[in-house]
Amino acid sequence: MCTSTKDAQHQEMQELVKNNCVSFLDKAFNGLRITSTGQLTTAIILNARQDETAVLLRESVFLISSLVRHMTDYKNTSHSVGAELIDAQKTIIKLQAELISVKNDQLEGIKTTVQTSVASTVKEEFKSYSAAVQGNVKEKPVSQTVLKKVVQDVVQGEDRAKNVMIFGLEEENEEELNAKVDEMFHSMGEKPRVEVCRVGQKKTGGVTRPVKVTTASSTVAEQLLVKSRKLCFLEKYKKVYVNPDRSPEEREQRRELVKEVKRRSEEEKDKRHYIRNGKVCSVLRSAT
């Protein structure tokens, strides 16, 4: 039972006990012909009618029993709520530890990638430098600017690896973009925690801007790209596409590959052409 439900039950119980106590006191005051507890004395009780005293005594026993039962229930429920709060706190601590672990893994991955890329660049630049010293080529040794650019490109690449781009998702004037993207991912069988935004200035003429989606890690982004193949089978999302977040250079290379696919499709209609691993591939169409 959730804590909010238990709180409501406690409030209901307290109100019931209060009403029972007020009712009992009204009966007692009327039967003993007094208006406050300050007027209650032993003599008044002894002079009261025996039948009225018996009724008040019986009702007081019932009231006390009810109070004891409610207090016992409240004690047991309080222990239960306390245990739930402790479990919730343990879960939060566990999630925090997992989050820190993921962050550390991501940072370690970026560190390794940067080190590898920088080492490779330095190695190539050192070869150029050695050749220049020997008089073979006229090249400058590795510069701080080159190293800075390498690191910058690698870090930006790591950031983009956590993103995906959604194209063709209908844009509305007053839209709940987060809910719209969550609904689309749910139809793919995914429920990731993401940050979303439209990219670029809003345009007229019904032009739909792409949506940039930032996930927790590159692994989540890759999973969304794989599952996005299901969209073509859903009527609502047949014209929606999910692509990686590419750099300007990668987008230019992609455009050239798409042009090549279109050219081959016109010239070799007996084959199916597609892009894989940065290359245009062609296979014969299956006989029908």
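Within segment 233-261, the set of residues being open to solvent by less than 90 Å² (accessible area, probe 1.4 Å) and in contact with a helix residue (DSSP H, G or I) (Cβ under 8 Å, 6 or more places away or on another chain) comprises LEU234, TYR237, VAL240, VAL242, ASN243, PRO244, ASP245, ARG246, SER247.
All conditions but one from (1) within 15 Å of VAL164 (Cα to Cα); (2) outside any helix (DSSP H, G or I); (3) out of contact with any strand residue (DSSP E or B) (no Cβ under 7 Å at 6 or more places or on another chain) apply to ASP182; the one that does not is (2). Regarding VAL211, is this residue closer than 23 Å to GLU172 by Cβ and surrounded by 12 or more Cβ atoms within 10 Å (Cβ to Cβ)? Spelling it out, VAL211 is indeed closer than 23 Å to GLU172 by Cβ and surrounded by 12 or more Cβ atoms within 10 Å (Cβ to Cβ).
Specify which of the listed residues (VAL211, VAL220, VAL207) is aliphatic (A, V, I, L, M) and touching a strand residue (DSSP E or B) at 6+ places or on another chain (Cβ under 6 Å). Among VAL211, VAL220, VAL207, only VAL211 is aliphatic (A, V, I, L, M) and touching a strand residue (DSSP E or B) at 6+ places or on another chain (Cβ under 6 Å).
Given VAL196, VAL258, VAL242, which one is assigned to a helix (DSSP H, G or I) and among the aliphatic types (A, V, I, L, M)? Break it down into steps so the answer makes sense when it comes.
Numbers: VAL196 fails: assigned to a helix (DSSP H, G or I); VAL242 fails: assigned to a helix (DSSP H, G or I).
Just a single option satisfies the conditions, and that option is VAL258.
Could you tell me whether LYS230 is of a type outside the set (A, V, I, L, M, F, W, C), outside any loop (DSSP other than H, G, I, E, B), in contact with a helix residue (DSSP H, G or I) (Cβ under 8 Å, 6 or more places away or on another chain) and in contact (Cβ under 8 Å) with a residue 40 or more places away in the chain? Steps first, answer last, please.
Numbers: of a type outside the set (A, V, I, L, M, F, W, C): yes; outside any loop (DSSP other than H, G, I, E, B): yes; in contact with a helix residue (DSSP H, G or I) (Cβ under 8 Å, 6 or more places away or on another chain): yes; in contact (Cβ under 8 Å) with a residue 40 or more places away in the chain: yes.
Yes: the conditions hold for LYS230.
Restricted to segment 214-227, and to residues there that are in contact (Cβ under 8 Å) with a residue 60 or more places away in the chain and of a type in the set (S, T, N, Q), the residue that is least open to solvent (accessible area, probe 1.4 Å) is SER217. Every test in (1) over 30 Å from SER187 (Cα atoms); (2) surrounded by fewer than 15 Cβ atoms within 10 Å (Cβ to Cβ); (3) not aromatic (Phe, Trp, Tyr) is passed by ARG264 save one, and that test is (2).
The values are calculated or read from the model by the stated rules, or taken from the named source; none is laboratory data. Because the structure is predicted, anything quoted here is derived from the model rather than measured. Cβ: placed from backbone, ideal geometry, glycine included. Neighbour counts: every protein chain shown. Just so you know, the surface numbers come from the protein's heavy atoms only, side chains and all, with ligands and any DNA or RNA stripped out. Shrake-Rupley method; radii C 1.70, N 1.55, O 1.52, S 1.80 Å.
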